[in-house]
Structure formats: structure tokens, C-alpha cells
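The values are calculated or read from the model by the stated rules, or taken from the named source; none is laboratory data. Remember, it's a predicted structure, so these values are computed and weren't measured experimentally. Glycine gets a Cβ as well: all are built from the backbone with ideal geometry, and neighbour counts include every protein chain shown.
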Amino acid sequence: MAITLSYILVVIIWGSSWIAITYQYGVVSDELSVSYRFFIASLCLFLLNLIKKERIGIDPANYPMIILSGGSMFCFNYLFTYYGMHSVVSGLAAVLFSLMVVCNAFFERLFFGRMIEKRIIIATIIGIIGLFLIFFLEIKNQINAEDTFIGIIWLLIAVIISSLGNMTAIVNINRGIPIITANAHAMLWGSIISFLLALILNKPIVFSSNPSYVISLLFLSVAASAITFGCYLMLIKEIGSTRTAYTTLLFPVVALSISTIIGEYAWTIYSFTGVLLILFGTWLALPKK
């Protein structure tokens, strides 16, 4: 029951978070928005630990991996996602992240010695073809086709970094660090790194009081970060990262549906076929047992 509920929460909240991210653009830089998001999420988790009277501190020997986890999962992954979504609609961004299942399978083989089956290779080829079909008309017809292509590259890099972050989470879980504690520390480090990047890049230190920005920030911080990442890592612990990445197959269904309803996305035979290919390819990459 807990696994089923976690799946449902991850799919619905993260599938819709692609829309919420678009309301973060404007006065506040991407670097600061990411920093604010995970600082708030971190505070929520530390507060939860205090309420539950659980241990907050971690062994200093685990800090290098915690920092890596924070930088990959809660900083650069989202920064590159925000960069990419400036020129790629939210629903299509979610489709790109459905390739997470293939990346997780590859990195689990690389770092933990788990075998990659031939169907993983076939799934990757199918996914690439699907991506081409989805973005074919957009790149062909859009005046700023170069911007669209750059957005796709940013998002693909974000997928890879996010998958690497999943591997650091596996290490933290194997070391016995409680998920809430690990997330609280990693999110705090992700926030710090993102804030330092804002300073290095000379971005203005500001905050927007616009209701759409504040509401979307709170949704992303509490629901899409503090709560959902806990569910996601619990799934990794219980059923493994490749099976957990199955949730990404359903993100496009949620995100593209919302994008269609609000008039942000219009389906074509190319995009429909591309989505089907990506869904089939990522399904093919999943364990069948």
C-alpha cells in the first residue's frame, strides 16, 4: 500500500511540477529560485526530524557523498532543467525525463555491476527516435530553432545528472543514512551551491512577492521536493532505482495533459508517435520480473 501510494504521489506531483516551474521565471534568477526551493524544503525536513525527535546529524565521513547528492539531485539537475525550459514547453520537458529509466539502468551497471540487457540498448535507440519525432516540427517550424535545440541539450544533461544523483542516493541508503536526514542535508547543500553560483554569476539577490511565484515556489518546495523526494527515495530503497524510474513513464501523461488543457501544447502525429515510442522504449528497458 505504501509503495502504491508513493508511486501515485510521485507521478501526480512531479508530472504537474513541470507546469509550476514555468511560473518561477521572471524577476528571480534560476539559480536563486533553485536555492530558495531547496532551502525551504530542507527546513521542512529538519523540522520534521525535530517533531519526530529523530537524529539530525550525520557521520562526517558521509558528507562527501551527501554533498555530491546535493549538487547533483538538488542543484545542477534543476538548474539545467530550468535553463532548458526557457525554450522547451513543460510537457515535452517531462517526456525527456522519461529517459531516466535507461540512464539508471546504465549507471547501475557502471557503478554497481548490474548487467545491462540487450533490450536496454534497443530501448535507447527507440527513445532517441521518439525524441526526434517529438521535436521534429518544433525545430523545423520555430524561428528560434537553435534555442529549442539548446533547451533540449540542457534537459538531456539534466537527465544524466539526475540519474547520477540517484546513484549517490543508493550509496547513502546502503550506508544506512535515514532518507529524511539525508535529504535534509543534501537539499541544504544543493541550496548553498546554487546560491554561491548566483553570487559567482553576479545575479541580483532578489525575491518576488508575485503570488504566482510564491505559490509555485511553495508547491515546488514542499510538495515536489520535501514530500515527493522522500517517496521517490523510499521507492529506490524498496524496489530499486530502475523500477522506481518507471514513474517517469507516466510524467508525460500528466504534464502533456495539463499543457494541452491550458493551451500550451497542440498534438501532432509526430509528437503522438514520438511519445508512444518513448513510452514503449522505456517500458522495454524495465525489468519484467
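Quick check on I180: is it over 21 Å from the mean Cα position of the chain (by Cα), of a type in the set (A, V, I, L, M) and under 27 Å from V101 (Cβ atoms)? Give the steps one after another, and end with the answer.
Working: over 21 Å from the mean Cα position of the chain (by Cα): no; of a type in the set (A, V, I, L, M): yes; under 27 Å from V101 (Cβ atoms): yes.
Spelling it out, it is not the case that I180 is over 21 Å from the mean Cα position of the chain (by Cα), of a type in the set (A, V, I, L, M) and under 27 Å from V101 (Cβ atoms).
Within region 87-123, take every residue that is of a type in the set (S, T, Y) and at pLDDT 75 or above and give me the one that is farthest from I157 (Cα to Cα).
First, the residues of region 87-123 that are of a type in the set (S, T, Y): 87, 90, 98.
From what's left, at pLDDT 75 or above: 87, 98.
Working: S87: 15, S98: 13 Å.
Checking each candidate, the answer is S87.
Of all residues in region 187-218, which are within 16 Å of A20 (Cα to Cα) and buried (at least 19 other Cβ atoms within 10 Å of the Cβ)?
Within region 187-218, Y213, S216, L217 qualify.
Which ones in region 165-190 are small (G, A, S), within 18 Å of G57 (Cβ to Cβ) and touching a residue at least 24 places away in the same chain (Cβ under 8 Å)?
Of everything in region 165-190, those that are small (G, A, S), within 18 Å of G57 (Cβ to Cβ) and touching a residue at least 24 places away in the same chain (Cβ under 8 Å) turn out to be A182, A184, A186.
With surrounded by 14 or more Cβ atoms within 10 Å (Cβ to Cβ) and closer than 14 Å to W18 by Cα as the only criterion, which of I236, I227, I262, I258 stands out?
Only one candidate qualifies: I258.
Kindly check whether there is at least one residue in region 95-105 that is among the aliphatic types (A, V, I, L, M) and not in a helix (DSSP H, G or I).
The answer is no; no qualifying residue exists.
Checking M73 against (1) modelled with pLDDT of 95 or more; (2) over 14 Å from L155 (Cα atoms), only one condition comes out false. Which one?
Of everything listed in (1) modelled with pLDDT of 95 or more; (2) over 14 Å from L155 (Cα atoms), M73 misses just condition (2).
So, in region 1-58, exactly how many residues are outside any helix (DSSP H, G or I) and either farther than 23 Å from R175 by Cα or of a type in the set (S, T, N, Q) (or both)?
8
What are the residues in region 106-118 that are over 25 Å from G15 (Cβ atoms), part of a helix (DSSP H, G or I) and either in contact with a Lys or Arg (Cβ under 7 Å, 6 or more places away or on another chain) or in contact (Cβ under 8 Å) with a residue 24 or more places away in the chain (or both), if any?
F111, F112, listed by residue number.
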